Amino acid sequence: MRETLHLAIVSVGSNIDPEQNLQNSRDILKNEVAFLGEAEVIRTAPDGYQDQPDFHNGAYLLGTDMSYDEFNQYLKGIETRLGRVKGPIKSGPRCIDLDIIIWDGEVVHADYIQNKFYVIKPVNELLQKHAIELSQP
């Protein structure tokens, strides 16, 4: 049994049946890991490929005893369980997207560093709400 609880802030986004897919991801995570909080969902225009519906974006604060790599694979497994199929357009429509943005106080995803509004706003809401300090590089 592992004793370390890692804290992760995970961005979540969907533009295919977003309300249902966000709820389904929440339900799975609440049943399978420590679900510690969530940010308000925001609606944003697509970034990159424009010929698609707006996205619903948010973030979850989660606790896990999995390693970073195990947890990342676990999240990709949830995407698969919810029906995500990666198509040829990287920024194309998706039923669910789950990405680790913050891992144990460290920024680990380029979208946060590149100031992507749809990631920054919900992640910062959780950082502030839960008084989480980011470690400096």
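The values are calculated or read from the model by the stated rules, or taken from the named source; none is laboratory data. Since the model is a prediction, treat every value here as computed from it, not as a measurement. Cβ placement follows ideal geometry from the backbone for every residue including glycine, while neighbour counts extend to all protein chains displayed.
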Q | Criterion violated by Glu19 - all others in (1) under 17 Å from Leu75 (Cβ atoms); (2) in contact (Cβ under 8 Å) with a residue 12 or more places away in the chain satisfied | A | (1)
Q. Hey, which of the helices (runs of 4 or more DSSP H) in the range 44-137, taking only ones fully inside, have at least 3 residues that are at pLDDT 95 or above and either among the aromatic types (Phe, Trp, Tyr) or under 23 Å from Asp27 (Cα atoms) (or both)?
A. 68-81, 117-129
**Q.** Odd one out for Glu133 among (1) out of contact with any strand residue (DSSP E or B) (no Cβ under 7 Å at 6 or more places or on another chain); (2) closer than 12 Å to Ile9 by Cβ
**A.** (2)
**Q.** the range 1-28, residues that are hydrophobic (A, V, I, L, M, F, W, C) and under 18 Å from Val119 (Cβ atoms)
**A.** Leu7, Ala8, Ile9, Val10, Val12, Leu22
